[in-house]
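Just below is one structure, and these are the notes that go with it.
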Amino acid sequence: MIIDASREPRLQLDDAEPFAIESCEVQRDVERSTLTRIVRDGAEVDLPVGAKVTLWAGPNVVFVGKAVDARNVLDLLSTESDDELRDDEVI
């Protein structure tokens, strides 16, 4: 699924303020979902490995995951066991 500018996408890294992006792609299958091809200012965004990444479309959260490399975010259900979550973090 491609999320383009018409959906007003914003990306949030850890607890930082969300910032606008031009587009991204969410790939879903039975075992996992991946956020990739995140574009801002005409170039792909490099993500800090290990960062919690939240994708907003307008006022809604549409994806939450962890950056597994500079260009790919794996959904939290695939990256975390309940033991590794902070007390205030919910999948």
Worksheet item: Within the stretch 1-56, which residues are more than 20 Å from D75 (Cβ to Cβ), free of Cβ contacts under 8 Å to residues at least 12 places away in the same chain and not in a strand (DSSP E or B)?
Response: S6, E17
Worksheet entry | Count - residues of the stretch 33-78 that are aliphatic (A, V, I, L, M), closer than 17 Å to M1 by Cα and surrounded by 13 or more Cβ atoms within 10 Å (Cβ to Cβ) | 9
Response to the item:
Restricted to the stretch 20-32 and to residues being out of contact with any helix residue (DSSP H, G or I) (no Cβ under 8 Å at 6 or more places or on another chain) and over 16 Å from P9 (Cβ atoms), the residue least open to solvent (accessible area, probe 1.4 Å) is D29
Worksheet entry | Residue that is nearest to E31 (Cα to Cα) [pool: residues in the stretch 60-91 that are at pLDDT 95 or above and part of a loop (DSSP other than H, G, I, E, B)] | R71
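The values are calculated or read from the model by the stated rules, or taken from the named source; none is laboratory data. Everything numeric here is computed off the predicted structure, so don't read it as measured data. Note: ideal-geometry Cβ built from the backbone for every residue, glycine included; neighbour counts use all protein chains shown. The area values use the complete protein model at the heavy-atom level, side chains included, leaving out ligands, DNA and RNA. Shrake-Rupley method; radii C 1.70, N 1.55, O 1.52, S 1.80 Å.
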